[in-house]
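Right, one structure below, let's go through it.
The values are calculated or read from the model by the stated rules, or taken from the named source; none is laboratory data. Bear in mind the structure is a predicted one, so any value in this text is a computation, not a measurement. Because the Cβ atoms are built from the backbone with ideal geometry, glycine has one as well, and the counts that use them run over all protein chains shown. Protein only, heavy atoms only, side chains kept; ligands, DNA and RNA dropped before computing areas. Shrake-Rupley method; radii C 1.70, N 1.55, O 1.52, S 1.80 Å.
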Amino acid sequence: MALNPDRFLDDLHRLRSFGASGVDKGVVRPAFSAVDIAARRWLASRMNEAGLKTHLDPIGNLFGLNGEKSLLIGSHSDSQPEGGWLDGALGVVAGLEIARAAKETGGPPVSVVNFQDEEGRFGILTGSDVWTGQISLAKADMLTDTDGVLLGAARSRMSGRAREFLPHDMFTGFIEMHIEQGPGMDVSGDQIGVVSDIVGIRETRIKITGRQNHAGTTPMALRQDAFQALSDFNQRINQRFAEVANPATVWTLGHAELSPNASSVVPGTARFSLQWRDGDPARLDAMETIMWEVAAEIIRDRNVKVQLGEVGGIEPSAMDPRLKSALRDAAEDLAPGKWLDLPSGALHDAANVSRVMPTAMLFVPSIGGISHAFDEDTKEADLVKGLEVLAQAAFSL
Ligand code: GLV
Ligand code: MN
Ligand code: MN
């Protein structure tokens, strides 16, 4: 199969132009934003030019299909509120180049997918969550972003062109290529990572309600300060989670908002997200129990109300042995001695897709281990090596 690495890199740069931040190689392309929709339109046109049949499903996942039975390759093109140019985009454009090269040179049938809202503006891996039946479209429609926008309203911007959900048995398997997004391979000097499994995650939004009051006249002992309660909650979580964590366990208090957020007002409300990740479902459960216990302690000790939202999550997932071994063989052939097996601490659509078909992932290194940031980057030689390994594995399958 004759790949065209220049065309692949050129497409990656063109995709970056939709929502390019102007800082480093940053991208701002949240799911269902105007630039996200424009990027999906452009990708659909590239798929058409490659001779693939485009198909948009009701949640906004875009497919480029080659025939009735094919291997599926892809990822997502939405970004974090401040994202890099490769997170997701790399896997979609790699799938496009491999499907296109296969069509041009008589390779195997390969289809491409570009999942919607992988980055969780509304849920967690929302597009693949709905396609694989982890949540219903009706339930997804009721999810809100942090500004209170309903997913149902956001997706109506695209729904005019949408058709049915595709059956999973059209595809023999799914492979997702991605940047590692952590420091492992950058430090070890490996060029290719074959993913063994993907961590599980739990996440919820929390609201603390205290009593908004004057910052000069309210005695300390009488305050019901929502920020102090949040801070106390965070300290107790750090201590209690550390007691059950192993070195790979992580947790993040990632989105906090105070109201009214003014220097002379005792904060009346605090809203924030809490997320935790681990490879062991029992540990994820234990951490959830701790969260509920800490919330009860804060209500008791801080004289505030604490409301916990629904806890969403994805269970840990193992990758398929046959697909992994195709990736390993190709890696050993094209990057001898410069590849490794490794787990993924980041979440990926592959976690959901692994519930409905054989699924595997390969990683290329992230410079400095940086991702979900404007300065995320990977050496061109590593991007191309990943493309070649993926193409050879697809061919051998
Ligand atoms: C996906 O981007 C994640 O947060 O791991
Ligand atoms: Mn991603
Ligand atoms: Mn991401």
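Got a sec? Charge dipole of the chain, +1 on Cβ for Lys and Arg, -1 for Asp and Glu; which of I59, G19, I192 is way out at the positive end?
Of the options given, the answer is I59.
Considering only DSSP beta bridges whose two residues both sit in the chain, what percent are antiparallel, to the nearest 5?
65 percent
Give me the one-decimal nm value for the distance between modelled label points at D341 and T105, 7 Å along each residue's Cα-to-Cβ direction.
3.0 nm
Given the options F122, F363, F233, which has the most mean-square fluctuation in a GNM of the chain, springs set between C-alpha atoms less than 10 angstrom apart?
Taking springs between Cα atoms under 10 Å, the residue moving most is F233.
Separation of region 73-137 and region 315-392 by C-alpha centroid, Å?
14 Å
Could you identify which residue out of G83, G184, G200 has the top mean-square fluctuation in a GNM of the chain using Cα springs shorter than 10 Å?
G184
Hey, can you find the accessible area per residue of the chain for me, probe 1.4 Å, expressed in square angstrom?
Value returned for the chain: 40 Å² of accessible area per residue.
Order the peptides 216-223, 59-66, 89-96 from the highest to the lowest mean number of other Cβ atoms within 10 Å of their residues.
89-96, 59-66, 216-223
What dipole magnitude, in Debye to the nearest 20, does region 247-397 give about its Cα centre under +1 on Lys/Arg Cβ and -1 on Asp/Glu Cβ?
Taking the Cα centre of region 247-397 as origin, the dipole is about 260 debye.
For region 154-280, what is the Kirkwood estimate of the hydrodynamic radius, computed as the reciprocal of the mean inverse distance between distinct Cα atoms, to one decimal in Å?
That comes to 19.4 Å for region 154-280.
What number results when the radius of gyration of region 335-376, computed over Cα atoms, is divided by 2.2 N^0.38 Å?
1.43
Heavy atoms of the protein only, probe of 1.4 Å, neighbouring chains included. What is the accessible area of I37 in Å², nearest 10?
10 Å²
On a full-extension model of 0.36 nm per residue, what is the gain between E297 and M220, subtracting their alpha-carbon distance, rounded to one decimal in nm?
Extra length from E297 to M220 when fully extended: 25.8 nm.
What are the DSSP H helices in the chain that stretch 20 Å or more along their long axis, judged by alpha-carbon atoms, and whose average Kyte-Doolittle hydropathy comes to at least -0.5?
Result, helices passing both filters: 34-49, 89-104, 226-244, 281-302, 380-396.
So how strong a dipole does the chain carry about its Cα centre when Lys and Arg Cβ are +1 and Asp and Glu Cβ are -1, to the nearest 20 debye?
Roughly 1060 debye, rounded to the nearest 20.
So what is the relative contact order of the chain, in percent, for Cα pairs below 8 Å that sit 6 or more residues apart?
With pairs under 8 Å counted, the relative contact order is 22 percent.
Which order do you get for R328, R40, R14, R7 if you rank them by accessible area with a 1.4 Å probe, largest at the top?
Output order, biggest surface exposure first: R14, R328, R7, R40.
Over the heavy atoms of W292, what accessible area does a 1.4 Å probe trace out, to the nearest 10 Å²?
120 Å²
Please work out how much length the chain gains when fully extended from D285 to H13, using 0.36 nm per residue of separation minus the C-alpha to C-alpha distance, in nm with one decimal.
Full-extension gain reported as 93.8 nm.
From the C-alpha gyration tensor of the chain, pull out the three semi-axes of the equivalent ellipsoid (sqrt of 5λ each), sorted largest to smallest, in whole Å.
40, 23, 19
Can you work out the FRET efficiency for the pair E164 and A34, with r the C-beta to C-beta distance and R0 = 25 Å, to the nearest 0.05?
With R0 = 25 Å, the Cβ-Cβ based efficiency is 0.45.
Of all accessible surface on region 191-274 at a 1.4 Å probe, what whole percent is carbon and sulfur?
49 percent
Taking the Cα centre of region 1-62 as origin, sum charge times position over the Cβ atoms of Lys and Arg (+1) and Asp and Glu (-1), and report the length of that vector in debye to the nearest 20.
Using only the charged Cβ atoms, the result is roughly 80 debye.
Full extension from L150 to A20: what is 0.36 nm times the residue separation minus their Cα-Cα distance, to one decimal in nm?
Value of the extension gain: 44.2 nm.
With r as the distance between the Cβ atoms of H372 and S325 and R0 = 35 Å, compute the FRET efficiency 1/(1 + (r/R0)^6) and round to 0.05.
Efficiency, from the Cβ-Cβ distance: 0.70.
Please list D24, D197, D129 from largest to smallest accessible area, probe radius 1.4 Å, with all protein chains kept in place.
Most to least solvent-accessible, the answer reads D24, D197, D129.
Sorted by accessible area with a 1.4 angstrom probe, largest first, how do L125, L3, L150 fall?
Largest accessible area first, the residues go L150, L3, L125.
Rounded if a/c is under 1.5, else prolate if a/b beats b/c, else oblate: with a ≥ b ≥ c from the C-alpha gyration tensor eigenvalues square-rooted, which is region 105-214?
Note, shape of region 105-214 comes out oblate.
With each label point set 7 Å from Cα along the Cα-Cβ vector, what nm distance links A2 and W42?
2.7 nm
Taking the Cα-to-Cβ direction at E315 and at S188 and moving 7 Å from each Cα, how far apart do the two end points lie in nm?
Placing both labels 7 Å beyond Cα along the Cβ direction yields 2.7 nm.
A381 to K207: FRET efficiency via 1/(1 + (r/R0)^6), r the Cβ-Cβ distance, R0 45 Å, to the nearest 0.05?
So, using R0 = 45 Å, E works out to roughly 0.40.
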